[in-house]
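Structure first, then comments.
The values are calculated or read from the model by the stated rules, or taken from the named source; none is laboratory data. Computed from a prediction, not measured in an experiment: that's the story for all the values here. Every residue, glycine among them, receives a Cβ derived from its backbone with ideal geometry; neighbour counts consider all protein chains shown.
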Amino acid sequence: MTNQVVTFAKHHTPESWRVVARRAQLEAHNARLRLSVPVVERSEHQNIYHCAMRKTGSQWIKELFSDPIMYRHCGLLPYVPRYYRWRFGQAVPPGRTATPLFVSYKRFDEIPKPDNYRVFFVLRDPRDMVVSSYFSTRNSHGPMGDIPQQRRILREKPFKEGLLHVIDHLAKKGTFNALRTWVKASDAEAVQLFRYEDLTGPRQAEEMQRLMRHCGIPVPPAELDTLLSRYSFSRMRGDRHKGQAVSHYRKGTAGDWRNHFDADISEAFAAATGNLVDLLGYRTEPQSDRAST
């Protein structure tokens, strides 16, 4: 019953109130870190920026970088831009990990930054992003921004029409173009790209160590294993599912798009994205006419 009440409140409380409450929670969390967690090693970087598009595990990564283990080994406090009504042109306070920033590389480049910083961008197969966006927007995502309007639209449409609408909506929002901008950004020393599929797949520990090295955070392997176990997708999905009809962590499986794309959807996706799949290093392949209903 308690979880159902929380879910109802989440979906019916005005966004401005929820943002204020989340900011207060984050500030209390950071105060506890400062008071109770000794920093044994500090990152050589003044700020870390976690950049992404939505539906790339951004909330999962935010939780990882907010954990006391992470603070102990880097001394950087989490900073969630949305909770502070952050706007482009503003600098992120020093000594913070900004997580997440949903931006193109061009917009990120315009943010005032210290001399010593690191940024990592998490990308994902855009076909899986489309499917994840559909289910999240229709069923489970908190009612922020244009989510309520898009939810009404998707709930009025059959599944296939809804998926086509999501492709068109993401294209108009510039999501696919923003993904393109990060491909060449990896040439910069401060920038590295990471694939969602690698961060959550069989090579997770190895890939997360690579991310930690890029960020200058020397988390010992045993403690990193503890973090990855604490915030595993299955555990987070289970925690959020208790007492709820729908979990925000519905599925993290790579290639789930194959269960939902048919020839028409594939054609619409190709028209909206061009060579994006190849550009990001994912495999294009002939599509069957199978689709979920």
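Numbers below:
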{"quantity": "Positions within the range 47-103 being closer than 20 Å to Met144 by Cα and among the hydroxyl-bearing types (Ser, Thr, Tyr), in sequence order", "calculated": "Thr56, Ser58, Tyr79, Tyr83, Tyr84, Thr99"}
{"quantity": "Filter result for Arg32 (farther than 20 Å from Ala205 by Cβ, surrounded by fewer than 15 Cβ atoms within 10 Å (Cβ to Cβ) and at pLDDT 95 or above)", "calculated": "yes"}
{"quantity": "Qualifying residues in the range 67-84 (those that are part of a loop (DSSP other than H, G, I, E, B) and out of contact with any helix residue (DSSP H, G or I) (no Cβ under 7 Å at 6 or more places or on another chain)) - the one surrounded by the fewest Cβ atoms within 10 Å (Cβ to Cβ)", "calculated": "Gly75"}
{"quantity": "Unique match (being surrounded by fewer than 13 Cβ atoms within 10 Å (Cβ to Cβ), polar (S, T, N, Q) and modelled with pLDDT of 90 or more) among Ser229, Ser234", "calculated": "Ser229"}
{"quantity": "Residue within the range 141-150 that is closer than 24 Å to Thr273 by Cα, of a type in the set (D, E, K, R), assigned to a loop (DSSP other than H, G, I, E, B) and modelled with pLDDT under 95 present", "calculated": "yes"}
{"quantity": "Filtered residue count, the range 39-72, keeping only those that are under 16 Å from Leu199 (Cβ atoms) and out of contact with any Gly (no Cβ under 9 Å at 6 or more places or on another chain)", "calculated": "16"}
{"quantity": "Residue that is surrounded by the fewest Cβ atoms within 10 Å (Cβ to Cβ) [pool: residues in the range 40-55 that are modelled with pLDDT of 95 or more and part of a loop (DSSP other than H, G, I, E, B)]", "calculated": "Val40"}
{"quantity": "So Met212, is it in a helix (DSSP H, G or I) and modelled with pLDDT under 95", "calculated": "no"}
